[in-house]
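One structure is given here, and the rest of the page talks about it.
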Amino acid sequence: MTLQFVHRPGWLCFALVAAALTLGPTAAIDAGTVDYEIEVSLDPTAHRLQAFERIRWTNTTGAPTDEIFFHLYLNAFASSDTTFMRELHGSSLRNRVALTDGWGWVRIESMVFDDGADLMPGLEFVRPDDDNPADFSVARVALPRVVVPGGVVELELEFSAQLPRIIARTGFEGDFHLVGQWFPKIGVFEGDEGWNCHQFHASSEFFADFGAYRVSITLPEDWVLGATGIETGSAPADGGRRTVVYRAERVHDFAWCTAPPDLMEVVETDFSPGRDVPMRWLERAQTLLGLSAAELELPPMRLRLIVPRAQRVLVPRMVRAARLSVAWFGLFYGPYPYPQVTIVSPPVGAGEAGGMEYPTFFTTGADRLDAYPPFSWSSDIETVTVHEFGHQYFQGMLASNEFERGWLDEGVNTYAELECMTVIAADGLVPEIRPFPYWGAERLALVFPRVPVKVATRAWEYRRRWIYFFASYPKTAVVLRTVEGLIGPEAMARGLRSYVDRNAFHHPSGRDLVAALSDASKQDLGPFFEQAIWSDAVPDWAVTSVRQRTPKTAGGFSWDGGEWHVIEGDETDGADDEAADSDIWQVDVELARLGDFIGPVDVELTWADGASERRTWGGEERWVSWRLEGSERLAQVVVDPDGVWALETRRADNYWRDKPAREDHPLWWVREFLGIAGNMFLKWS
């Protein structure tokens with residue numbers, strides 16, 4: 001492993017800059033809607049920004065507009081009465097208490113139109129979601145002329161911003177500064193639907209158009225710096241400071257962090273496909289995707305880590321986690337389209353900045369104790385790295401609307417993360433970690449909600465913040481795990497790869513995901529997703545009754561030849577009687593759909609001699625009864641024997657075993673309990 005520890009950027013050469021502006025396999029996609037040029041200066045003592053911003057916005061829709069909406073996210077931290085802080089309820093997003101001081105804000109001080117007109121008189125704060133008069137996170141400005149379809153306007157702004165004490169992905173802690181959602185950012189114009197520009201909510205993230213960023217950052221001369229994009233220049237500035245220029249293409253946001261060199265240091269390394277792609281993964285991708293090794297070839301790229309000096313012992317593990325992430329997502333979801341990714345591990349006290357994604361830039365989280373048992377046995381470092389790198393695809397490249405469809409990023413990404421972590425553990429690629437049932441833990445979360453939850457809900461409209469997380473992360477991931485079970489791993493892998501390929505640098509909806517998976521599986525998955533995502537339907541099947549008997553000779557009366565005849569026979573049959581004379585068993589199996597989710601489910605029937613058969617129940621009816629005949633007693637019935645329906649968590653009644661067969665053992669009830677529990681655990685895992 002080649003690692004370089006440095007305290008000053010500037011290692012990039014002109015060739016890499018040129019590569020960044022060409023962006024490899026996706027260069028043909030024209031995704032620029034809004035371009036930003038920002039010059040910002042940090043006062044590290046007051047934790048304040050002073051900035052100039054030039055915006056060039058193109059109306060790419062078919063409808064005109066005479067206004068522009070802005071996100072002013074930092075104003076969510078301006079007081080305890082903003083919408084964000086009200087929804088936070090005195091809690092936090094990570095592991096700090098909510099703000100009681102150290103408030104943050106952003107203030108536009110001037111705004112000039114491209115014809116020189118002063119736009120400040122037409123600037124007003126709006127509250128499209130809740131009419132909270134104390135919230136200032138969205139502003140509207142009237143324009144002096146209509147912007148027609150295809151029209152372009154330019155605005156110049158001067159603004160200042162006060163960083164809050166670190167909370168919810170942004171702010172400062174001591175000398176560490178994580179600067180996210182810090183500048184006035186234009187909302188998304190959706191043509192006849194108007195401007196999509198929601199307030200900043202405690203249970204939502206972001207939505208913005210793609211474009212280009214050129215950001216000049218002035219900061220103390222010796223401080224380390226990491227940001228979205230790549231560094232294209234650096235020059236001394238007055239007062240022992242320097243100005244660093246970053247450039248990013250085809251991204252929808254820009255974030256950065258900085259700290260003094262005695263606190264944080266830069267680690268520069270790379271991803272080399274010949275060295276870092278596990279051969280088993282390449283073979284797995286070839287099989288599932290049906291692509292050749294040449295078609296799966298990945299480009300090399302730079303990895304830039306900014307870590308606390310106290311965590312230096314963890315750097316090799318962090319780098320390995322990053323390389324595995326690049327390999328997995330590159331193989332299964334397409335080559336990473338940027339030449340570099342920057343990874344930040346926040347220092348002690350700045351945990352609120354951890355676990356957050358921005359284009360080509362994300363934060364993780366670790367503690368130096370993670371280098372020593374038993375803490376080193378946990379896969380937290382790998383899990384958060386895989387998850388946040390996955391956002392480079394589902395949030396960075398696809399950029400779905402996280403206010404309205406958080407599940408489409410968080411849930412799809414959680415599915416990808418769990419698939420990757422399961423394989424990392426199974427293949428022994430991180431020897432430090434101990435076995436862990438990743439999918440089992442995720443399914444366990446589905447047991448807790450007492451009221452059914454609809455995934456397709458806008459982030460701030462869930463009853464509780466934890467329900468937003470439940471629906472957007474584990475439930476959506478388990479929905480996709482169920483889809484994989486229904487359509488097979490090959491169709492699942494090809495459908496998700498197609499979803500990324502089709503929608504890169506656009507803003508896909510959930511219907512786009514359904515279409516890609518339906519095409520790959522050659523079946524209409526719309527009805528499944530309507531129930532799983534757009535309703536709160538819950539799957540739950542049960543074996544409600546099994547009766548078996550050996551029938552005797554019929555008795556009674558029969559009509560034959562124009563008259564009634566007496567049938568000689570036994571008065572009773574051999575119901576549930578193993579000692580009966582007949583060699584034929586009649587078995588009645590009754591199944592019920594206790595939940596309201598309709599879908600096909602397999603049922604496995606096993607006979608006393610070990611023979612088994614499978615049937616598929618379509619599940620449209622509330623119950624179904626099957627009459628079976630055979631020479632053996634029925635020994636066992638299992639609904640969904642392969643655990644395909646990962647969404648079904650109440651599985652105890654999916655199993656039936658022949659009572660006489662189990663009662664011949666003095667501890668049959670212990671064996672029964674352990675058998676069912678073990679079966680459920682294996683399916684969940």
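No value in this document is a laboratory result; all are computed from the given coordinates. None of the values given here were measured: they were computed from a predicted structure. Cβ coordinates were reconstructed from backbone atoms using ideal geometry, including for glycine residues, and neighbour counts include every protein chain displayed.
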Quiz item: How large is the dipole of the chain about the Cα centre if only Lys and Arg carry +1 and Asp and Glu carry -1, each at its Cβ, rounded to the nearest 20 debye?
Solution: 2080
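So what's the net charge close to V386: Lys and Arg +1, Asp and Glu -1, counting the other residues with Cβ under 10 Å from its Cβ?
Details: positive: none; negative: E382, E388, E417, E419.
Combined, the nearby Lys, Arg, Asp and Glu give -4.
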Quiz item: Order of 622-629, 220-227, 200-207, 309-316 by packing, highest average Cβ count within 10 Å first?
Solution: 200-207, 220-227, 309-316, 622-629
Quiz item: Roughly how many Å is it from the Cα centre of the range 592-656 to that of the range 29-75, as a whole number?
Solution: 57
Quiz prompt | Extreme residue, positive dipole direction of the chain, given options Y655, P374, G619 (C-beta unit charges) | solution = P374
Quiz item: Stretched out fully, how many nm does the piece from E629 to S272 gain, at 0.36 nm a residue minus the Cα gap?
Solution: 122.3 nm
Self-check item: Relative contact order (%) - the chain, alpha-carbon pairs under 8 angstrom, separation at least six
Solution: 10
Practice problem: Treating only the Cβ atoms of Lys and Arg (+1) and Asp and Glu (-1) as charged, compute the dipole magnitude of the range 31-209 about its Cα centre; round to the nearest 20 debye. | Solution: 620
Quiz item: How far is it, in nm, from the label point at D262 to the one at R54 when both lie 7 Å from their Cα along the line to the Cβ?
Solution: 4.0
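Based on the mean of other beta carbon atoms within 10 Å per residue, what is the order of 274-283, 478-487, most packed first? Don't skip to the answer; put the middle values down first.
Numbers: 274-283: 14.7, 478-487: 22.2.
Packing proxy ranking, top to bottom: 478-487, 274-283.
Tell me the mean residue ellipticity at 222 nm calculated for the chain from its helices only (DSSP H runs of n ≥ 4, each -39500 (n - 2.57), averaged over every residue, nearest 500).
Calculated at 222 nm, the ellipticity per residue is -7000 deg cm²/dmol.
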Quiz prompt | Stretch gain in nm, segment R463-E568, where the contour uses 0.36 nm per residue and the Cα spacing is subtracted | solution = 31.0 nm
Quiz item: Taking only pairs that are 8 or more places apart or on different chains, how many Lys pairs in the chain have Cα atoms under 29 angstrom apart?
Solution: 8
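What dipole magnitude, in Debye to the nearest 20, does the range 389-539 give about its Cα centre under +1 on Lys/Arg Cβ and -1 on Asp/Glu Cβ? Let's see the in-between values first.
Working: 16 positive and 18 negative charges, 98 e Å.
Computed about the Cα centre, the dipole is about 460 debye.
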Quiz item: Pick the calculated Rg/Rh (Cα atoms, Kirkwood Rh) for this structure from (1) 1.08; (2) 0.98; (3) 1.26?
Solution: (1)
Quiz item: Between D115 and T544, what is the spin-label point distance in nm, taking each point 7 Å from the Cα along the Cα→C-beta axis?
Solution: 7.3
Practice problem: Please list 430-437, 463-470 highest first by mean number of surrounding beta-carbon atoms within 10 Å per residue. | Solution: 463-470, 430-437
